[in-house]
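Structure record follows, encoded as structure tokens.
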Amino acid sequence: MATSASTIHASAVLVGPKAALIRGPAGSGKSTLALSLVTAATQGLLVFARLVADDRAYLENHSARLLVRPAEALAGMIEVHGLGIRRIEFEPVAMVGLVVDLGVGNATRYPGADGTSVMIQGVTVPRLAVARGIAALPVVLATLQIPSAGD
């Protein structure tokens, strides 16, 4: 049973069993990162990655899990910079396992525990803040593939 829901400007990619929800200001590279993650899977850098949503994502707290779906009118579509809107394979729903915030002004080189999670719709989710000017894909790939020092 859903407890709350909202639509936000974000992209989401199912990477393995959970989705990366990509947030950030306009022009911060949300669609570019989403497409790069999908492409990384075709190149063997990730086991699996498929688009869930681009530009608008529907978020829902369902039994204390944060679910993401594409906005119905945009399902399976992604903006490719310089080429326009393209249609690609997509997943209709996924559970969010990581929030990637792009263009964060206060992102630190070595984050403390206070910035490594975020609460959305009443669900706490791990968070990765990527500073302006930093290439997001290598940082996200490292986060998804390399366990932290405490693991």
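Return the residues of the range 30-56 that are in a loop (DSSP other than H, G, I, E, B) and either among the polar types (S, T, N, Q) or surrounded by 22 or more Cβ atoms within 10 Å (Cβ to Cβ) (or both); say none if nothing qualifies. Break it down into steps so the answer makes sense when it comes.
Here is the first cut: in the range 30-56, the residues in a loop (DSSP other than H, G, I, E, B) are 43-48, 54-55.
Matches in the range 30-56: Gln43, Asp54.
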Across the range 69-89, the tally of residues that are closer than 19 Å to Gly29 by Cα and in a strand (DSSP E or B) stands at 9
Residues of the range 4-27 satisfying the condition of being touching a helix residue (DSSP H, G or I) at 6+ places or on another chain (Cβ under 7 Å), part of a loop (DSSP other than H, G, I, E, B) and free of Cβ contacts under 8 Å to residues at least 60 places away in the same chain
Ala10
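Here, each number is a calculation from the coordinates, and none is a lab measurement. Given the structure is predicted, the values throughout are model-derived calculations rather than measurements. All Cβ positions, even for glycine, are placed from backbone atoms using ideal geometry, and neighbour counts span all protein chains on display.
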